[in-house]
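J.: Handing you this structure, nothing more for now.
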Amino acid sequence: MRRSLVLGNWKMNGSRSSAESLAKGIIAGLGADIADIAVCVPYIFLSDVAQIVKNTRLGLGAQNVADKPSGAYTGEISAAMLKEFACKYALVGHSERRTYYGDTDQSVAARFCQAQEQGIIPVLCIGETLEQRQQEKTFDVITAQLDAVVDLAGIAAFNNAVIAYEPVWAIGTGLTATDDQAQEAHHFIRQYLSAKDQAVAEKIQILYGGSAKPDNAKGLFAMPDIDGGLIGGASLDAESFLKIYHSV
Ligand code: PEP
């Protein structure tokens, strides 16, 4: 039985003080240890939030990581730097990075490897645009996104990774994939992995992301191949994030 994971993605929101109170609010409502839970916060707040989550069950993550270990890469943050702030997770390949900042399947694969080299769990975000879904290219897109990482890192690397299936058309739009649409994609991803290594496929947490909310989380999380969620907007409010967490 896989343990679920609920991961918040705060994106570029909040202030130093609101980040602190949000983290404190989440910790206060955690309750029983039913699943893994963590928040991916803006880089600049990592230090503050790291102090707050210390010795609690709330884990910490970053929203990206550099594709190189160090050097003349102005504005980038390396995996080794993240490690200093107790980051357990780093998102790689979020669709907003792919769409607005030019992250490619290849650079995402390099980021994935950089995270793992520092013992940080990469959360590989994959998913199709609306146009790609309408053209029935969903599985081709997902396959290409996964192939790039498998080619660079090898299938065994997925022993220490998380995958987030996030249909781009559902992120921040209020449109959620139906339980069956999400399950179909998650099943496809698990089958893809299983064809290469069954043990990896059975173990890996595959999260759903895309307008997950307290009122739709239970149905999504009940699907057999959905092991929790990557939550954007609804993770900015402790109460709704905790309601989602308590839906696993
Ligand atoms: C996300 O940022 O990964 C996400 C799923 O956002 P939202 O929940 O707001 O759609």
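Every read-out reported here was derived from the displayed coordinates using simple, explicitly stated rules and does not represent laboratory data. This structure is a prediction, so every number in the text was calculated from the model and none was measured. Quick reminder, even Gly has a Cβ in these numbers, built from the backbone with ideal geometry, and neighbours come from all protein chains shown.
J.: Would you give the gap between the C-alpha center of segment 63-124 and the C-alpha center of segment 178-248, rounded to a whole Å?
T.: Cα centroid of segment 63-124 versus Cα centroid of segment 178-248: 22 Å apart.
J.: Another question about this same structure. Label-point separation (nm) for S21 and Q198, each offset 7 Å from Cα along Cα-to-Cβ?
T.: 5.3
J.: Averaging sequence separations of C-alpha pairs under 8 Å and six or more residues apart, then dividing by the length of the chain, give the relative contact order as a whole percent.
T.: 21
J.: At a Cα cut-off below 16 Å, give the aspartates and glutamates reachable from K68, other chains included and same-chain residues fewer than 8 away excluded.
T.: Filter leaves E76, D103, D105, E117.
J.: Same structure, new question: Among the listed pairs K54/K83; K11/K54; K54/K88; K11/K203; K11/K88, which have their C-alpha atoms separated by more than 19 angstrom in this model?
T.: Numbers: K54/K83 14 Å; K11/K54 22 Å; K54/K88 12 Å; K11/K203 28 Å; K11/K88 17 Å.
Where the Cα-Cα span goes over 19 Å, the pairs concerned are K11/K54; K11/K203.
J.: Return the long-range amide H neighbours of L58 (sequence gap of 5 or more, or a different chain), with a cut-off of under 5 Å between placed amide H atoms.
T.: none
J.: Taking a label point 7 Å from the Cα of K137 along the Cα→Cβ vector, which residues of segment 88-114 have an amide N closer than 20 Å to it?
T.: 93-109
J.: On to the next question. Tell me the volume per residue, in Å³, of the convex hull enclosing the alpha carbons of the chain.
T.: Values: hull volume 28.7 nm³, N = 248.
Spread over its residues, the Cα hull of the chain gives 116 Å³ apiece.
J.: Let me ask something else about it. Under 19 Å Cα to Cα from K243, which lysines show up? Leave out anything in the same chain fewer than 8 places away.
T.: The qualifying lysines are K24, K213, K218.
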